[in-house]
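The values are calculated or read from the model by the stated rules, or taken from the named source; none is laboratory data. Treat the numbers as computed from the prediction; the structure is a model and nothing was measured. We place every Cβ from the backbone using ideal geometry, glycine too, and count neighbours over all the protein chains shown.
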Amino acid sequence: MFKTTVRELLNVIPFSSFKGDTKTEICGISCNSKEIEPLNVFAALKGFKEDGRIYAREAVEKGATAVISHSDPPEDFPYKDIPWIVCQDDRLTFSIASSFLYPVTGKKPKLAGITGTNGKTTIVYLLRSIFSNYSKGAILSTIEYDDGKTLKSAQRTTPEADFIKRWLCNISESEIPFAAMEVSSHSLELHRVSSIEFDAVAFTNLTRDHLDFHKTMENYYEAKKKIFSLLNKNGYVFVNIDDDYGKRVVSEINCQNLIKVGFSSPADIYPENVSIDLDGIKATICSPWGQLNIVSKLTGKYNLLNILFAVAISFAFKIDKTSIEKAIANFEGVPGRLQRVDAGQDFYVFVDYAHSDDALRNVLLNLKPLTRGKLITIFGCGGDRDRTKRPLMGAVSTKLSDVVILTTDNSRSEEPEDIARDIEPGIFSELNDSKIYIKELDRRMAIQKSFEIAEKGDVVLIAGKGHERTQNIKGNIFPFHDPSVVLNILLEMKK
């Protein structure tokens with residue numbers, strides 16, 4: 001446990017003003033008043049809905065001995081002797097303070113950061129499989145946080161700065177040599193990773209998403225691009241050059257170890273002799289480190305791209321070819337990422353997290369050429385999120401499917417019927433006599449209807465929620481896990 005004083009903290013963080021005793025002892029930091037422990041610094045961040053200063057009193061009563069904030073204490077704050085640090089950029093200061101208060105004292109693991117709109121989770125999971133087959137590995141992902149000893153369900157794609165630093169400390173203390181993490185655009189914009197140094201960075205692609213936060217695609221791109229400033233001087237950058245924004249990255253950054261990833265030989269790492277069907281992928285991968293042959297249970301061209309990234313990063317981390325090949329062959333997939341559910345039925349069922357028009361397009365374009373019968377898609381759109389993508393998702397699902405079933409995702413505070421009404425113009429724009437459209441806002445009933453329609457050789461895609469274990473309807477949260485619901489319905493139908 002690293003103990004220090006406010007004076008030492010002030011020597012390393014940017015701040016505007018300070019009141020209090022610099023000799024005050026501190027140990028650790030948190031921006032969540034409910035997680036404060038004795039001697040912690042409380043980071044009273046200015047949120048989008050609330051001002052963190054309103055929780056400063058609770059934090060002090062739980063043992064906080066200092067506060068970092070964007071402004072002076074509220075007038076009714078009773079603890080006048082508590083050191084109070086005011087800074088212009090409270091989130092950046094929080095990140096720097098977290099790095100200082102949670103120093104990595106052991107050997108730092110080789111750390112890979114994966115950013116982009118699609119593919120992050122699968123690449124991180126593939127890397128963990130490779131790391132674990134070769135030695136040991138840890139991950140931070142949309143689904144779970146793993147420090148090599150314990151697993152914790154993820155609350156967001158990239159956690160807050162203090163959590164990341166404690167995660168790195170735990171990995172170091174456990175002498176785990178490799179780690180990989182998803183790096184969201186939110187985390188880059190909000191400085192959650194500003195004090196992290198990466199040994200490898202991957203840029204998968206950039207498509208329309210999160211515009212409720214970033215407002216424009218240019219802002220979204222510039223947020224993603226910040227990850228390259230966090231690379232150590234000998235680190236590697238891996239970029240998908242088949243993506244337009246990936247081409248732009250290559251033209252705009254300067255890195256001595258820039259590796260281009262793609263599906264053809266202008267890339268530095270690319271596949272040959274490719275075979276893809278609904279049961280898996282086979283290919284030879286060519287790279288600056290030599291060739292290897294992969295056999296994977298994953299399917300779809302975009303999963304081949306994810307494998308290319310995982311192989312490239314593993315080679316850069318000096319993991320041997322045999323370990324990489326074996327780990328990929330044994331990899332069972334990622335929960336909710338084109339996850340196949342098989343109860344012995346004569347049609348294919350996949351569950352996927354795709355919740356944007358581009359993610360849905362990618363999945364459907366990969367499944368369509370492999371489908372011998374009908375392609376049946378079930379989807380909805382989340383409430384309280386970017387409304388502009390709703391008709392776009394309706395259009396792409398209808399254009400690329402034979403049967404489209406509109407249902408409810410997480411409506412949150414919105415009415416499911418209102419969300420459906422926003423989606424339907426896109427559906428109707430692509431609907432014709434050869435396609436079937438069904439609206440069934442009860443998600444379980446929608447899944448059941450799809451199975452009643454499905455025939456031998458058909459493919460059913462259930463999109464939007466993936467690994468999630470709950471559904472939020474008008475603020476009411478209840479258990480709902482697509483893979484489990486699918487399996488239960490399939491087993492009931494066999495009785």
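Of note:
- All positions within segment 160-188 that are free of Cβ contacts under 8 Å to residues at least 40 places away in the same chain and surrounded by fewer than 19 Cβ atoms within 10 Å (Cβ to Cβ): ASN170, SER174, HIS186
- Put simply, of SER30, SER95 the only residue that is in contact with a His (Cβ under 6 Å, 6 or more places away or on another chain), under 30 Å from ARG128 (Cα atoms), outside the structural domain of ARG128 (by TED's automatic domain parsing) and not charged (D, E, K, R) is SER95.
- Residue in segment 469-490 that is of a type in the set (Asp, Glu), within 20 Å of the chain's Cα centre (by Cα) and not in a helix (DSSP H, G or I) present: no
- Taking segment 206-272 as the region of interest, the helices (runs of 4 or more DSSP H) fully inside it that hold 1 or more residues being within 23 Å of the chain's Cα centre (by Cα) and closer than 22 Å to ILE307 by Cα are 217-225, 244-252.
- Residue check for GLY466: assigned to a loop (DSSP other than H, G, I, E, B) and in contact with a Gly (Cβ under 8 Å, 6 or more places away or on another chain): yes
- Considering the conditions (1) of a type outside the set (D, E, K, R); (2) touching an Asp or Glu at 6+ places or on another chain (Cβ under 7 Å); (3) surrounded by 15 or more Cβ atoms within 10 Å (Cβ to Cβ), GLY63 is excluded by exactly one of them, (3).
- Taking each residue of segment 50-73 that is closer than 23 Å to VAL12 by Cβ and outside the structural domain of LYS19 (by TED's automatic domain parsing) and looking for partners that are of a type outside the set (Val, Ile, Thr) and part of a strand (DSSP E or B) with beta-carbon atoms closer than 8 Å, six or more apart or interchain, yields nothing.
- Filter result for TYR125 (within 30 Å of VAL311 (Cα to Cα), among the hydroxyl-bearing types (Ser, Thr, Tyr) and not in a helix (DSSP H, G or I)): no
- Of the residues LYS46, LYS107, the single one that is of a type outside the set (Ser, Thr, Tyr), more than 30 Å from PHE317 (Cβ to Cβ) and in contact with a helix residue (DSSP H, G or I) (Cβ under 8 Å, 6 or more places away or on another chain) is LYS46.
- Residue within segment 444-459 that is modelled with pLDDT of 95 or more, surrounded by 15 or more Cβ atoms within 10 Å (Cβ to Cβ), part of a strand (DSSP E or B) and assigned by TED's automatic domain parsing to the domain that holds VAL396 present: yes
- Looking across segment 121-153, the residues that are closer than 20 Å to ARG192 by Cβ and surrounded by fewer than 19 Cβ atoms within 10 Å (Cβ to Cβ) come down to GLU144, LYS152, SER153.
- Residue check for VAL311: in the same structural domain as VAL486 (by TED's automatic domain parsing), modelled with pLDDT of 95 or more and not in a loop (DSSP other than H, G, I, E, B): no
- Number of positions in segment 441-494 that are under 17 Å from ASN410 (Cα atoms) and not polar (S, T, N, Q): 26
- Checking each residue in segment 57-105 for being small (Gly, Ala, Ser) and over 21 Å from GLU35 (Cβ atoms) picks out only SER71.
- Taking residues in segment 1-29 that are under 15 Å from ASN40 (Cβ atoms), and partners anywhere that are of a type in the set (A, V, I, L, M) and modelled with pLDDT under 95, the pairs with Cβ atoms closer than 9 Å and at least 6 places apart or on different chains are CYS27/MET1; GLY28/MET1.
- Boolean, LEU304 is crowded, with 20+ Cβ neighbours inside 10 Å, more than 20 Å from ARG361 (Cα to Cα) and out of contact with any Lys or Arg (no Cβ under 9 Å at 6 or more places or on another chain): no
- Answer from ASN219, ASN234, ASN254, ASN273 - the residue that is in contact with a Ser or Thr (Cβ under 7 Å, 6 or more places away or on another chain) and either in the same structural domain as MET181 (by TED's automatic domain parsing) or farther than 16 Å from VAL183 by Cα (or both): ASN273
- Annotation note: of ILE285, ILE281, the sole residue that is touching a strand residue (DSSP E or B) at 6+ places or on another chain (Cβ under 6 Å) and either crowded, with 23+ Cβ neighbours inside 10 Å or at positive phi (or both) is ILE285.
- Residues of segment 224-245 that turn out to be among the small types (Gly, Ala, Ser) and buried (at least 21 other Cβ atoms within 10 Å of the Cβ), as a count: 1
- For segment 192-249, a residue qualifies if it is closer than 28 Å to ALA43 by Cα and of a type in the set (S, T, N, Q), and the qualifying residues are SER194, SER195, ASN219, SER229, ASN232.
- When each of ARG248, ARG192 is tested for being under 25 Å from GLY28 (Cβ atoms) and modelled with pLDDT of 95 or more, the lone residue that passes is ARG192.
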